[in-house]
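Q: Dropping the structure in here first, questions after.
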Amino acid sequence: MKESGNAKYMIRVSVKLDGQARRKDIIGAIFGQTEGLMPEALDLSSGRIGHIDVDLDSNKGKVSGVIEIPSSLENVESAIIGAALETIERIGPAASQLKVLEISNIRSSKRTSMVDRAKDI
């Protein structure tokens, strides 16, 4: 899991496409198709969402991968963004399926790693 500044949560979303698309197509679909769905406070371009990372694999004309979105919003607000992402049905010319894998607390993960490391030391 990559870190992003002062983000509290990491939204991890699986993406499956019945066709080809690139990273920029997926990011464009995320911004374009969620615009207007959520209240202004949850707008993805509000600055409370960090750098969107997309890791894709292509196999036999289909694309799958994971999208990671760091959020400085609260847990419920981050969950609303995750649910909005699941409404995306097309990316470019390809049918798509997005599903939230997890919304993890970055600070909690850091705390657990720190305690485990302290035990080792």
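Q: Please find, within the stretch 42-69, the residue that is surrounded by the fewest Cβ atoms within 10 Å (Cβ to Cβ) out of those that are in a strand (DSSP E or B) and of a type in the set (S, T, N, Q).
A: N59
Q: Say whether the condition of being small (G, A, S), more than 25 Å from K110 (Cα to Cα) and open to solvent by 20 Å² or more (accessible area, probe 1.4 Å) is met by at least one residue in the stretch 76-93.
A: Scanning the stretch 76-93 turns up at least one residue that is small (G, A, S), more than 25 Å from K110 (Cα to Cα) and open to solvent by 20 Å² or more (accessible area, probe 1.4 Å).
Q: Also: Condition (residue is surrounded by fewer than 13 Cβ atoms within 10 Å (Cβ to Cβ), in contact with an Asp or Glu (Cβ under 9 Å, 6 or more places away or on another chain) and farther than 18 Å from I103 by Cβ) applied to the stretch 23-30: is it met by at least one residue?
A: No, because not a single residue in the stretch 23-30 is surrounded by fewer than 13 Cβ atoms within 10 Å (Cβ to Cβ), in contact with an Asp or Glu (Cβ under 9 Å, 6 or more places away or on another chain) and farther than 18 Å from I103 by Cβ.
Q: Which condition does N6 not pass, out of (1) open to solvent by less than 90 Å² (accessible area, probe 1.4 Å); (2) more than 15 Å from I88 (Cα to Cα), if it passes all the others?
A: Checking N6 against (1) open to solvent by less than 90 Å² (accessible area, probe 1.4 Å); (2) more than 15 Å from I88 (Cα to Cα), the one that fails is (1).
Q: Can you pull out the residues in the stretch 97-121 that are open to solvent by 40 Å² or more (accessible area, probe 1.4 Å), out of contact with any Gly (no Cβ under 7 Å at 6 or more places or on another chain) and either among the basic types (K, R) or in a strand (DSSP E or B) (or both)?
A: Listed by number, the residues that qualify are Q97, K99, L101, E102, N105, R107, K110, R111, R117, K119.
Q: Any residue in the stretch 34-41 that is aliphatic (A, V, I, L, M), touching a residue at least 40 places away in the same chain (Cβ under 8 Å) and open to solvent by 60 Å² or more (accessible area, probe 1.4 Å)?
A: Yes; the residues of the stretch 34-41 include at least one that is aliphatic (A, V, I, L, M), touching a residue at least 40 places away in the same chain (Cβ under 8 Å) and open to solvent by 60 Å² or more (accessible area, probe 1.4 Å).
Q: Looking only at the stretch 70-96, count every residue that is out of contact with any Leu (no Cβ under 8 Å at 6 or more places or on another chain) and either part of a strand (DSSP E or B) or charged (D, E, K, R) (or both) and tell me the total.
A: Number of matching residues: 5.
Q: Looking at S104, S45, S58, which one is at pLDDT below 95 and touching a strand residue (DSSP E or B) at 6+ places or on another chain (Cβ under 6 Å)?
A: S104
The values are calculated or read from the model by the stated rules, or taken from the named source; none is laboratory data. The structure presented is a predicted model; accordingly, all values stated were derived computationally and were not measured. Heads up, the Cβs are rebuilt from the backbone with ideal geometry, glycines too, and the neighbour counts pull from every protein chain shown. All accessible areas refer to the heavy atoms of the entire protein, side chains included, with ligands and DNA or RNA removed. Shrake-Rupley method; radii C 1.70, N 1.55, O 1.52, S 1.80 Å.
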